[in-house]
Each structure stands twice: as structure tokens, then as C-alpha cells.
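Below is one structure, written out as C-alpha cells; comments come after it.
What follows is calculated from the coordinates using simple rules that are stated; it is not laboratory data. Everything numeric here is computed off the predicted structure, so don't read it as measured data. Glycine gets a Cβ as well: all are built from the backbone with ideal geometry, and neighbour counts include every protein chain shown.
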Amino acid sequence: MKICVFGAASPKIDKEYIDRVELLGEEMVKRGHSLVFGGGGNGLMGAAARGVQAQGGYIEGIIPSFFENENIEAVFPYCDEVVETATMRERKQIMEDRSDAFIIVPGGIGTFEEFFEIMTLRQLCRHNKPIALFNIKGYYNELNTMMQAAVEKGFVRSAVDALYKTTDDMDELFAFLEAPQPENLLVKDLKDG
């Protein structure tokens with residue numbers, strides 16, 4: 001399976017996050033999976049790629065050309081394939097199209113946006129690919145609290161809870177991703193409107 005990992009680009013984060021995501025990348029390869037990611041060499045993106053590389057796994061990096069041209073972010077140097085895009089939107093589309101599952105590790109604004117876009121597409125039944133939040137050090141606890149509040153206040157259907165898994169346990173994470181996914185519900189089961 002090709003697994004897309006969305007996560008932080010910043011190298012200025014606690015080393016525990018970096019170490020856990022490197023182990024995640026290693027475990028992906030041990031379980032027979034390859035990596036699709038944003039192509040960056042820093043932060044948790046770089047950590048995932050280093051973990052996959054350490055086990056000899058296949059790495060696809062998708063990165064906008066302006067990142068390198070404007071010195072925003074360096075490309076991970078050991079990608080097996082690098083796809084340069086003109087825009088962020090094109091980057092995400094290629095990552096989504098090439099992936100069979102999604103792991104969202106801790107990250108900032110871009111990572112939140114990637115999670116909510118892929119969740120929205122699943123809610124609208126545009127894909128039926130598993131989505132997991134790797135909740136290292138409880139990073140996504142508040143996001144889950146916010147999601148629950150949205151359900152309680154009637155802004156999100158409770159059925160949406162079943163569209164993703166939050167865990168800090170790597171075995172549980174992969175068990176969820178590797179299990180057969182339930183058939184897509186109807187959009188009417190997941191969204192009012």
C-alpha cells in the first residue's frame with residue numbers, strides 16, 4: 001500500500017516527535033508499504049522519509065517548484081521519485097491520487113489543512129481511503145475535543161467519527177489502516193445540506 005504522510009516541515013520541534021516518526025517510516029516498510037509525502041527533508045516529513053530510507057523502502061516526494069526556487073524548503077535528497085508541481089493545490093491532488101491511506105503526524109497550519117481536506121473528501125464520498133491521526137504526545141487531543149464539540153452543537157454528524165482513527169499506538173494505527181474499509185456511506189449519512 002502507498003501511504004501518504006502529512007506532517008510538520010519545521011526542524012525546530014521536540015526530538016521525541018522526530019524519533020517516533022522515523023520509527024513510523026521504518027515500520028511502514030517492514031509491513032510492505034511505501035511512502036508518498038510532501039518531499040521535504042526537514043521536520044517530520046524528513047523523519048518519515050529517513051525511516052523509510054533506512055529500511056530500503058520506496059519514496060515518492062511531491063513538492064512545489066517554488067519551495068526550492070525561493071529557498072522555502074529543501075527536497076529530501078533520497079527520493080526514488082520527485083514530482084514538482086506549480087501549486088500547493090496540485091501537490092495535494094497528486095498526493096491524494098497516488099495514496100491508498102493517510103497518516104497525519106503532528107504539524108502546523110498546512111498539516112491541519114491537509115487533514116481537513118482529505119476528511120472533507122471522505123465525508124463527501126469522493127474516496128474511501130483510511131485516515132489516521134498519529135497522536136504522538138497527545139498532540140491531537142484538542143483537535144478531537146473540537147471535533148466532538150462540533151458534533152454536540154450539530155455542525156458535524158456523529159457518523160463522521162468513524163471516518164478516521166486517532167491513536168498514539170503504532171500497531172493500532174497500522175491495524176486500522178490495513179483493515180478492509182467499510183463501504184462508503186451515502187453523503188446524506190455524513191453531511192446535512
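Given G46, G51, which one is touching a Pro at 6+ places or on another chain (Cβ under 8 Å), assigned to a helix (DSSP H, G or I) and either touching a residue at least 60 places away in the same chain (Cβ under 8 Å) or crowded, with 19+ Cβ neighbours inside 10 Å (or both)? If you could, list the steps in order and put the result at the bottom.
On the way: G51 fails: touching a Pro at 6+ places or on another chain (Cβ under 8 Å).
Only one candidate qualifies: G46.
Tell me whether segment 143-163 contains one or more residues that are without any contact (Cβ under 8 Å) to a residue 12 or more places away in the chain, of a type in the set (A, V, I, L, M) and crowded, with 18+ Cβ neighbours inside 10 Å.
Among the residues of segment 143-163, at least one is without any contact (Cβ under 8 Å) to a residue 12 or more places away in the chain, of a type in the set (A, V, I, L, M) and crowded, with 18+ Cβ neighbours inside 10 Å, which makes the answer yes.
Anything in segment 130-161 that is farther than 20 Å from F6 by Cβ and not acidic (D, E)? List them, or say none.
T145, Q148, A149, A150, V151, K153, G154, F155, V156, R157, S158, A159
Is it the case that F66 is part of a strand (DSSP E or B) and out of contact with any Asp or Glu (no Cβ under 7 Å at 6 or more places or on another chain)? Steps first, answer last, please.
Numbers: part of a strand (DSSP E or B): no; out of contact with any Asp or Glu (no Cβ under 7 Å at 6 or more places or on another chain): yes.
So F66 fails the test.
Taking segment 137-185 on its own, how many of its residues are under 19 Å from E113 (Cβ atoms), out of contact with any Ser or Thr (no Cβ under 7 Å at 6 or more places or on another chain) and of a type in the set (F, W, Y)?
Matching residues across segment 137-185 total 3.
Please verify whether S10 is at negative phi and touching a Lys or Arg at 6+ places or on another chain (Cβ under 7 Å), treating the condition exactly as stated.
Numbers: at negative phi: yes; touching a Lys or Arg at 6+ places or on another chain (Cβ under 7 Å): no.
In short, no.
Could you list, ordered by first residue, the pairs with Cβ atoms under 6 Å in which the first is in segment 116-132 and without any contact (Cβ under 8 Å) to a residue 24 or more places away in the chain and more than 18 Å from T166 (Cβ to Cβ) and the second is of a type in the set (A, V, I, L, M) and in a helix (DSSP H, G or I), at least 6 apart or interchain?
Close Cβ pairs (under 6 Å, with a partner that is of a type in the set (A, V, I, L, M) and in a helix (DSSP H, G or I)) do not exist here.
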